[in-house]
1. Please tell me the relative contact order of the range 8-71 in percent, rounded to the nearest whole number, where contacts are Cα pairs under 8 Å and at least six residues apart.
2. Pull out the extension gain between D285 and S304, defined as 0.36 nm times the separation in residues minus the alpha carbon to alpha carbon distance; nm, one decimal.
3. Report the extension gain between L342 and R22 in nm, rounded to one decimal, defined as 0.36 nm multiplied by the number of residues separating them, less their alpha carbon distance.
4. Note down the nm distance, to one decimal, between modelled labels 7 Å out along Cα→Cβ at A56 and at A367.
5. Can you figure out the FRET efficiency of N359 with H333, using R₀ = 51 Å and their beta-carbon distance, to the nearest 0.05?
6. Which order, highest average first, do 345-353, 95-103 follow once you tally other Cβ atoms within 10 Å for each residue and take the mean per peptide?
7. Kirkwood hydrodynamic radius of the range 8-71 from all distinct Cα pairs, in Å?
8. Can you tell me how much longer the chain between D403 and A115 gets when fully stretched, taken as 0.36 nm per residue apart minus their C-alpha distance, in nm with one decimal?
Amino acid sequence: MANEIWTIKRCLEWTKEYLAERGEEHPRLSAEWLLCAATGLARIDLYMRMDETLNAAQLETMHAAVVRRAKGEPLQYITGSTQFRMIDVACAPGVLIPRPETEMLVEEVLNYLDAEVLSPEAAARQRVELPWNDEVEEARKAEAALADERATAERRAANLTAADEAALGGDVLGSRAYAEELADREAEEAAARAAEAEAAEAAEPELDEYGIAIEGNDQQATPVQDAAEANVPAPAEPRIARVLEVGCGTGCISLSLAWECRGHVTCTATDIEPRAIDLATKNRDALGLTSDEVAFSLTNLVSSIPREEWGTFDVLVSNPPYIPTDVMRSLPHEVKDFEPDLALEGGADGLDIFRRLLNAAPYMLRAGGLFACELYEGALDAAAELCRQAGLSDVRTVHDLTDRPRIVRAIVTEPKQRQ
């Protein structure tokens, strides 16, 4: 095999068939992920470089990865990373792998912060389409602003000739996918150019009657100057939202909140697993975030939170261990045998850790603060009732992408102080 020529195309097809024979549910997708990790290429680039030959190091990496995947090890542990909302996070054995459902938990927190905590300017951040799994992503509609450009792209893709198909490999995700991806990029670039042109036009200097630029008009009064001139106090500094996350794992929740609302949110995140804290810190550093923006603490639940910070948080959010003990035995092989039980099992009804978090919420949150948890689908009604019994208000459950109840959220109306 060492003397054989292994192109990207050949390796992709061989890996797909090998994994399919061993029961892989999505063999082509898995083969693509592994090849991307081994070569450093994006998925779309694989199909542009099908005839390229893999070198010895890439073949060795690919071989080891395929063996691991055939044994059921999660792709994220093999490739070492996954995408979560707008960021890439490193993954490693011993730390729970982020799921799409948790992306929705982040969205719930962001919606609350936008509506109840942040200033209108901070809440008006640009939203992006979230990177759900392939099936959901394919079903999502294109953004309205790019509707016309994408329609053009679809027509172009539909008109590809047989020669075009052959040149690009003729695979399911080959020429047609590349054409659509390329057209999407062109449409986004066109939208960016239009925005730049509009900004440039708005920045043109004011001209006098002779067409000469009027000097001194390029400086605008600051809010402080305006306030002083109007004899009114300057506006108060916008408040920074404070988020407490319990059981941070890779750090994906806190890091996403801090990344998407940078300058407007600070997070304190805890975990009882040292490997999780190390990995989360690595992910924070890779994003260029600071410890002032996201602080990680190795502790049991909220034990490390200083007394002076109790009652100061706007949000307590968690994706705690929530799989009922009986359900643990029926989990898929790649979850049950590879991901940490400590991050999965939630006791007989899946609510052991949730109850402790619910007890802590009134002490940690300010009045009007949000308590939000991702939980097992069969436990949401019980969790919501526990929130009501604890005196929380506006108790709601949120369904996930498969329309299963997944998140409980409630408001602390009467904070408590421990004697």
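1. 40 percent.
2. On the way: separation 19, 0.36 × 19 = 6.84 nm, distance 2.20 nm.
Residue separation times 0.36 nm, minus the Cα-Cα distance, leaves 4.6 nm.
3. Numbers: separation 320, 0.36 × 320 = 115.20 nm, distance 2.88 nm.
Answer, rounded to one decimal: 112.3 nm.
4. Output for this residue pair reads 7.2 nm.
5. Values: r = 35 Å, r/R0 = 0.69.
Rounded to the nearest 0.05, the efficiency is 0.90.
6. Working: 345-353: 18.9, 95-103: 21.7.
Highest-to-lowest ranking by the protection proxy: 95-103, 345-353.
7. On the way: mean 1/r = 0.0869 Å⁻¹.
Value: 11.5 Å, from the Cα pair sum.
8. Working: separation 288, 0.36 × 288 = 103.68 nm, distance 2.45 nm.
Contour length minus the Cα-Cα distance gives 101.2 nm.
The values are calculated or read from the model by the stated rules, or taken from the named source; none is laboratory data. Bear in mind that the values here come from a model prediction, so they are computed numbers and not experimental data. Quick reminder, even Gly has a Cβ in these numbers, built from the backbone with ideal geometry, and neighbours come from all protein chains shown. Only protein heavy atoms, including side chains, enter the accessible area calculation; ligands, DNA and RNA are left aside. Shrake-Rupley method; radii C 1.70, N 1.55, O 1.52, S 1.80 Å.
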